[in-house]
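Before any comments, here is the structure.
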Amino acid sequence: MKPILGYWDLRGIVEPIRYLFRYKKVDFLDKRYVHGTDKWLKEKFSLGLDFPNLPYYMENNLKLTQSLAIIRYLGKKHGLDGKTDQQKLRIFVAEQQSRDFRTTLRTIAYDPHCEEKKKDFLENISGAFKEWERFVGNRKFIAGDDLSYVDFMVYENLDYYRIFHASILDDYPVLKAYHSRVKNLPEIQAYLKSSEFKGWPLFGPTAKFGGGGREPRHI
């Protein structure tokens, strides 16, 4: 039976897992639930999940929820969790920092006054971008020369910020090159150009940015 990845029909917190699958050419069922329907509620408590939630991952007798638990498991399974202790530590730090980085953008995306606050937000977030520039430095990927699961998380966050403000990466050449390097991996390019990739929406339908409507032209 194919592994099953269940989540909403949007990018959200699960897209890095989809990238990992595409990169490793895993044949899986990308099960998507549409907001506004009760399909998820009907299935939620019948799947045998310890903590019923989205996303969930099923593989034979294994059933997991929580996106970090899923991507950590898959990273280890597919050899994308670092080769040395030093690499693993960098991955752990980047993983947590990546979640914080995403939460910062998500907060303003759901703010009713998102547009009015955008200018100040972009000025205040510059410090975080500079920290990421220093952290990546002259490395090819987060852990060094070797790609890891956390690269898909960091790439996705940078892409969200790029969609939020088209030129945001122009002031950060290290991050812009890193973003391009991950995006241009042949397996990722094949996915991004396929009908299976949905670049929009980013967040749930109540978000003031990225929750629906017309997608930005620069997406």
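Residue by residue through the range 98-112, note down the ones that are in contact (Cβ under 8 Å) with a residue 24 or more places away in the chain and either surrounded by fewer than 12 Cβ atoms within 10 Å (Cβ to Cβ) or under 22 Å from residue 80 (Cβ atoms) (or both). 98, 99, 101, 102, 112, listed by residue number. Does the range 140-148 contain any residue that is open to solvent by 60 Å² or more (accessible area, probe 1.4 Å), more than 16 Å from the chain's Cα centre (by Cα) and among the hydrophobic types (A, V, I, L, M, F, W, C)? No: zero hits.
Scanning the range 32-41 turns up at least one residue that is open to solvent by 30 Å² or more (accessible area, probe 1.4 Å) and part of a helix (DSSP H, G or I).
When the range 121-137 is limited to residues that are among the charged types (D, E, K, R) and open to solvent by 90 Å² or more (accessible area, probe 1.4 Å), the one that is farthest from residue 209 (Cα to Cα) turns out to be 134. Within the range 42-70, the set of residues being outside any helix (DSSP H, G or I), in contact (Cβ under 8 Å) with a residue 24 or more places away in the chain and closer than 17 Å to residue 21 by Cα comprises 55, 56, 57, 58, 59, 60.
For residue 65, are the conditions met, namely being within 22 Å of residue 212 (Cα to Cα) and of a type in the set (Val, Ile, Thr)? Against the criterion (within 22 Å of residue 212 (Cα to Cα) and of a type in the set (Val, Ile, Thr)), residue 65 does not qualify.
Mind telling me which of the residues 174, 136, 150, 182 ends up being in contact with a strand residue (DSSP E or B) (Cβ under 8 Å, 6 or more places away or on another chain) and outside the structural domain of residue 24 (by the TED database)?
Exactly one residue qualifies, and that residue is 182.
Of all residues in the range 186-205, those being open to solvent by 40 Å² or more (accessible area, probe 1.4 Å) and among the aliphatic types (A, V, I, L, M) number 1.
Looking across 190, 207, one residue alone is in contact with a helix residue (DSSP H, G or I) (Cβ under 8 Å, 6 or more places away or on another chain), assigned to a helix (DSSP H, G or I) and not β-branched (Val, Ile, Thr). It is 190. Can residue 129 be described as within 16 Å of the chain's Cα centre (by Cα) and among the aromatic types (Phe, Trp, Tyr)? The answer is no for residue 129. Take residue 169 and tell me if it is assigned by the TED database to the domain that holds residue 116 and either in a loop (DSSP other than H, G, I, E, B) or open to solvent by 50 Å² or more (accessible area, probe 1.4 Å) (or both). Against the criterion (assigned by the TED database to the domain that holds residue 116 and either in a loop (DSSP other than H, G, I, E, B) or open to solvent by 50 Å² or more (accessible area, probe 1.4 Å) (or both)), residue 169 does not qualify.
In the range 1-29, which residue that is within 16 Å of residue 201 (Cβ to Cβ) and not in a loop (DSSP other than H, G, I, E, B) is most open to solvent (accessible area, probe 1.4 Å)? Lay out the reasoning, then the answer.
Step one: list which residues in the range 1-29 are within 16 Å of residue 201 (Cβ to Cβ), which gives 7-15, 18.
From the residues that got through so far, the ones that are not in a loop (DSSP other than H, G, I, E, B) too are 7-8, 15, 18.
Details: 7: 19, 8: 61, 15: 1, 18: 1 Å².
Ranking the candidates gives 8 first.
Evaluation of residue 207 against the conditions (1) assigned by the TED database to the domain that holds residue 106; (2) within 20 Å of residue 103 (Cα to Cα); (3) among the hydrophobic types (A, V, I, L, M, F, W, C) shows that the sole unmet condition is (1).
Within the range 140-166, which residues are acidic (Asp, Glu) and in a strand (DSSP E or B)? Walk me through it before giving the result.
In the first step, residues of the range 140-166 are kept if they are acidic (Asp, Glu); the result is 145-146, 151, 156, 159.
Matches in the range 140-166: none.
The values are calculated or read from the model by the stated rules, or taken from the named source; none is laboratory data. Everything numeric here is computed off the predicted structure, so don't read it as measured data. As a convention, Cβ positions derive from the backbone with ideal geometry for all residues, glycine included, and neighbour counts pool all protein chains shown. Side chains are part of the model used for accessible areas, which takes the heavy atoms of the whole protein and leaves out ligands, DNA and RNA. Shrake-Rupley method; radii C 1.70, N 1.55, O 1.52, S 1.80 Å.
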